[in-house]
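Visitor: My questions all concern the structure below.
Please treat every number below as a calculation from the coordinates, not as lab data. This is a predicted model, so every value here is computed, not measured. Positions of Cβ are generated from backbone atoms using ideal geometry, with glycine treated the same way; all protein chains shown enter the neighbour counts.
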Amino acid sequence: MNENAGQRHARALIAAMLMLGCGTQSGPQAQSEGTEATSISPTATTSDEETTAGSGTTTTAMGDSTLADSSASLTLDSGDDRGDGPKFDLGGEETEGAGDATIQGVVYGPDGELPVSGALVYITENEPAGIPQQVYCAECEELDPSADGTLSNPDGSFTLNTNSGPGKFLVVQKGQFLRITPIIVGPGGVMLQPNITTLPDHNDPAAGLYIPLIAVADANFDRLEDALGKFGLGDTLIANFEERVVPGTENFDLWENGRDPGADGLTSQGTLEELISDPAALAQYHVIFVPCSSDTFVSALTPANVQNIRDWVAAGGRWYVSDWANEWMQQVFPEYQELAGWNGSTGSADNGSYDSLAGILDDGLLAWLEALPAQFLDINPLNDEAHPDLFSLPQVLTTDNWSGIQSTLPVLVDDGQGGMIDVGHKVWLEGPGGEPAAVHPLTVTGQFGCGKLQFTSYHTAEFFNYVGLSPQELVLVYTILEIGVCQEALPPPG
């Protein structure tokens, strides 16, 4: 299968995005929204506020305070209970209505600038229920045939034909990111305002805004929290050619794993050992990142705690590990890969640093990188040292590889139809260098039960701090969004 089992469905697919988390998370910049209907018609006006980051200034993700333009003519009950129930995420081909209205727009990430490929955009007369704050199984199902839906293009753009009328809802979703907007659809064609097609930057279920509930193991070497801030899940401050997340604005939780979040003014939820020892704490999250760090809590990978992690992923969790944190992949999911140098002891797969000119093996990732706006192609003008760029596609330079994936292994499970299916790793990037010196996988993802795994042999971010999203951070953004979408429900191996 290699993450494509859902392709066996003949129709458009959706995921019931039900998740448990740590409650509503919002930074000081977050603003709540009401449920007043937005009127969209050929006469609707569009306004978009853009924030530019300069040295020594705070960059803020696009605000969510304005949904409706002044032509809104219908107000829905602002006290309605969205409740907990299924959310829909297209996992197959699009469906379009043939009505008298055509809406267009662009889906952006939480930062308001990065386009999102393959996002589901649909119009429905039935308000979708909210996402429960709990780990969930994102099983693919057929989209309600009464809804008109489409998928965004690699540049984030979309066109959707639908029927005009009041009492409708515009739904924009990519994985666990979800925005629900009450709308009135006018006849004719209209371009939607970006503030109703931008993925949320904070969790506010009462306003129809949902983001994945994320735990980050705060690491010595790989500053993933800053990458998430640049993606829009926090405000960032630029000073001295460094872009760092502003403490108190992060819309994710940090757990100590070699670095105390308090050292950077951030709030610690405890240690990574405490997190993996408590199934109830794990169940708060949809995604857990364990980026490159020291071996501070590797000893916590006892059989009981390994089983806790496996159970959480099997229930639908997304588990991400990078380079020197490789024990958190190899000791927990050893059936998926062989790492260069691994002999079962801590640190045995920790290699020296190498760069690798990677080939991109996924057509969707390549199309998205090729469609990115100019400001994402080269961050060198914003910095005082050299960084890789995106001018050599379909190849991209990855830096600070500290581990090597010797090989990926077939992982066969019962497909429920009398056969076996391979849920082992899909390879997104491959390249030479390090150990093994020959071309080998650099970025891989696999399925485990209802959850997903991801491992990169390189740092999520480059080794030091800098301004903007580097190419390997962009690859992370794309792949994390992709592994958040639905899959066919399959049993875990073993």
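Visitor: Kindly identify the range 134-240 as rounded, prolate or oblate by the Cα gyration tensor criterion: order the square roots of the eigenvalues as a ≥ b ≥ c, call it rounded if a/c is under 1.5, otherwise compare a/b with b/c, prolate if a/b is larger, else oblate.
Guide: Judged from the Cα gyration tensor, the range 134-240 comes out prolate (a/c at least 1.5, a/b above b/c).
Visitor: Using the basic label-point model (7 angstrom from Cα toward the beta carbon), what is the D100 to N380 distance in nanometres?
Guide: Placing both labels 7 Å beyond Cα along the Cβ direction yields 5.6 nm.
Visitor: Take the eigenvalues of the Cα gyration tensor for the range 288-405, scale each by 5, and report the square roots as semi-axes in whole Å, largest first.
Guide: Result for the range 288-405: semi-axes of 32, 18, 14 Å.
Visitor: Taking the Cα centre of the range 393-488 as origin and charging only Cβ (+1 Lys, Arg; -1 Asp, Glu), how large is the dipole, in debye to the nearest 20? Write out the running numbers ahead of the final one.
Guide: Values: 2 positive and 10 negative charges, 18 e Å.
That gives a dipole near 80 debye.
Visitor: For a protection proxy built on the mean count of beta-carbon atoms within 10 angstrom, sort 229-235, 388-394 highest first, please.
Guide: Ranked by mean Cβ neighbours within 10 Å, highest first: 229-235, 388-394.
Visitor: Also, I was wondering about something else. In the range 282-369, with Lys and Arg counted as +1 and Asp and Glu as -1 at Cβ, which of these residues, L361, T296, L339, has the Cα nearest the positive end of the dipole, that is, farthest along it?
Guide: Highest projection toward the positive end goes to T296.
Visitor: Another question, if that's okay. Let me have the relative contact order for the range 397-488, percent, based on Cα pairs under 8 Å that are six or more residues apart.
Guide: On the way: 135 pairs, mean separation 23.8, N = 92.
In percent, rounded to a whole number, it is 26.
Visitor: Taking amide H positions as placed 1.01 Å from N in the peptide plane, with prolines and chain starts having none, which residues 5 or more places from G130, or on another chain, fall under 5 Å of its amide H?
Guide: Sorted by chain and number, the residues that satisfy this are G83, D84, G85.
Visitor: Tell me which residues come under 5 Å, amide H to amide H, from N220 once H is placed; ignore anything under 5 positions away on its chain.
Guide: Here the answer is R259, S294, since their amide H atoms fall under 5 Å of that of N220.
Visitor: Within the set of other residues whose C-beta is less than 12 Å from the C-beta of N308, count the net charge using Lys and Arg as +1 and Asp and Glu as -1.
Guide: -3
Visitor: If you average 1/r over all unlike Cα pairs in the range 359-406 and invert the result, what Kirkwood radius do you get in angstrom? Intermediate values should be presented prior to the final figure.
Guide: Numbers: mean 1/r = 0.0812 Å⁻¹.
Averaging 1/r across every pair of different Cα atoms and inverting gives 12.3 Å.
Visitor: Given the peptides 208-215, 186-193, arrange them by the average over their residues of other C-beta atoms within 10 Å, most packed first.
Guide: 208-215, 186-193
Visitor: Given axes a ≥ b ≥ c from the Cα gyration tensor, I'd like to know whether the range 336-494 is rounded (a/c under 1.5), prolate (a/b larger than b/c) or oblate.
Guide: Oblate is the answer for the range 336-494, as a/c is 1.5 or above yet b/c matches or exceeds a/b.
Visitor: Is the range 422-494 rounded, prolate or oblate when judged by the Cα gyration tensor, a ≥ b ≥ c being the square roots of its eigenvalues, rounded requiring a/c under 1.5 and prolate requiring a/b larger than b/c?
Guide: Judged from the Cα gyration tensor, the range 422-494 comes out oblate (a/c at least 1.5, b/c at or above a/b).
Visitor: Take H286, H387, H202 and order them by how many other Cβ atoms sit within 10 Å, fewest up front. Kindly include the intermediate steps, with their values, before the conclusion.
Guide: Numbers: H286 27, H387 17, H202 24.
By the 10 Å Cβ count, ascending, the order reads H387, H202, H286.
Visitor: Describe numerically, in nm with one decimal, the distance between label points set 7 Å from Cα along Cα→Cβ at E274 and at N161.
Guide: For the pair E274/N161, the computed spacing is 5.7 nm.
Visitor: Sticking with this one: Could you size up the charge dipole of the range 98-161 around its Cα centre, putting +1 on the beta carbon of Lys and Arg and -1 on that of Asp and Glu, and report it in debye to the nearest 20?
Guide: On the way: 0 positive and 11 negative charges, 31 e Å.
The dipole magnitude comes to about 160 debye.
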